[in-house]
Amino acid sequence: MTTEPPPGSGGEPPEDDPFRKQPPPPQGGHPYGGQPYGGDPYGGRAHGGDPYGGHPADPQAGMPPLADSGRRTLARLIDMVLVFIALALLSWAFGLGDYGVDSDEVQVGRSLSRSVVAAVLYIAYDTFLTARTGQTLGKKWLGLRVANLDNGATPSLQTSLLRALVLWVPFAFCCFVFWTAIAGGWSFFDKPYKQGLHDKAAKTVVVTVN
């Protein structure tokens, strides 16, 4: 006597059964093309995994070309000049310049006030424009864009703020050009994504725009 279940008794249908349930197709897409959402946008990493660990043979697969570090530096210099002009005008209008005065306390107070205004201006400028389009004016003029490392999207407001804080707070209060050179200059040596220290903190990259 056979032990095979009769047809229609609830047994597994054969592989070629046209009514056999098939797995659903992958949903969504990758902003750079070719990868389903939730997969590794740059090749080899699962969504939510460590973006800095376990690099595949081609860690830049699917990405637009990474920005040249020299062009990044030029874009940053343009941004610094633009914000500096605004800062100088505000400092002149509200008497925050480092003028010679009789009281050391007034001198220190004006210097600190100027640093606070500088930090606010630089952070607001960088955060707002990066969260809006991924481009400050300097980056826009030079065809560059900030993108999330894990999915290529424009950074959120929170991500943009973190990136700006890491770059501009030390610049405004203590280290000035020295910190900017270190944070931004890191991209000249970083592999494989050419990230500055502020990019690493925010998990972003800078890419070229077609």
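Some observations on this one:
- Here Arg163 meets the list (1) crowded, with 21+ Cβ neighbours inside 10 Å; (2) assigned to a loop (DSSP other than H, G, I, E, B) almost entirely, failing just condition (2).
- Residue match in segment 138-150 (condition: touching a strand residue (DSSP E or B) at 6+ places or on another chain (Cβ under 8 Å) and either modelled with pLDDT under 75 or polar (S, T, N, Q) (or both)): yes
- Residue count for segment 116-133 under the criterion of being closer than 20 Å to Val207 by Cα and either touching a Pro at 6+ places or on another chain (Cβ under 9 Å) or open to solvent by less than 50 Å² (accessible area, probe 1.4 Å) (or both): the result is 6.
- Subset of segment 134-160 (residues that are open to solvent by 10 Å² or more (accessible area, probe 1.4 Å) and assigned to a loop (DSSP other than H, G, I, E, B)): Gln135, Leu142, Gly143, Asp150, Asn151, Ala153, Thr154, Ser156
- Contacts under 8 angstrom Cβ, first residue in segment 73-102 being within 26 Å of Trp186 (Cα to Cα), partner open to solvent by 90 Å² or more (accessible area, probe 1.4 Å) and at pLDDT 85 or above, 6 or more apart: Ala75/Trp141; Ile78/Trp141
- Any hit, segment 133-150, residues being within 17 Å of Met80 (Cβ to Cβ), touching a Phe, Trp or Tyr at 6+ places or on another chain (Cβ under 9 Å) and among the aromatic types (Phe, Trp, Tyr): no
- Count of segment 153-210 residues which are charged (D, E, K, R) and closer than 25 Å to Val117 by Cα: 2
- So Ala124, is it among the aliphatic types (A, V, I, L, M), over 15 Å from the mean Cα position of the chain (by Cα) and part of a helix (DSSP H, G or I): yes
- Among the residues of segment 170-210, those identified as under 17 Å from the mean Cα position of the chain (by Cα) and at pLDDT below 90 are Thr180, Ala183, Gly184, Gly185.
- Candidates in segment 166-181 are the residues that are in contact with a helix residue (DSSP H, G or I) (Cβ under 7 Å, 6 or more places away or on another chain) and not aromatic (Phe, Trp, Tyr); of these, the one that is most open to solvent (accessible area, probe 1.4 Å) is Val169.
For (1) small (Gly, Ala, Ser); (2) within 19 Å of Gly185 (Cα to Cα), each residue gets a yes or a no:
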residue	(1), (2)
Arg114	no, no
Trp141	no, no
Gly152	yes, no
Val169	no, yes
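The values are calculated or read from the model by the stated rules, or taken from the named source; none is laboratory data. Just so we're clear, the structure is a prediction, and the values are computed from it rather than from any experiment. Every residue, glycine among them, receives a Cβ derived from its backbone with ideal geometry; neighbour counts consider all protein chains shown. Remember, those area values only see protein heavy atoms, side chains included, never the ligands or the DNA or RNA. Shrake-Rupley method; radii C 1.70, N 1.55, O 1.52, S 1.80 Å.
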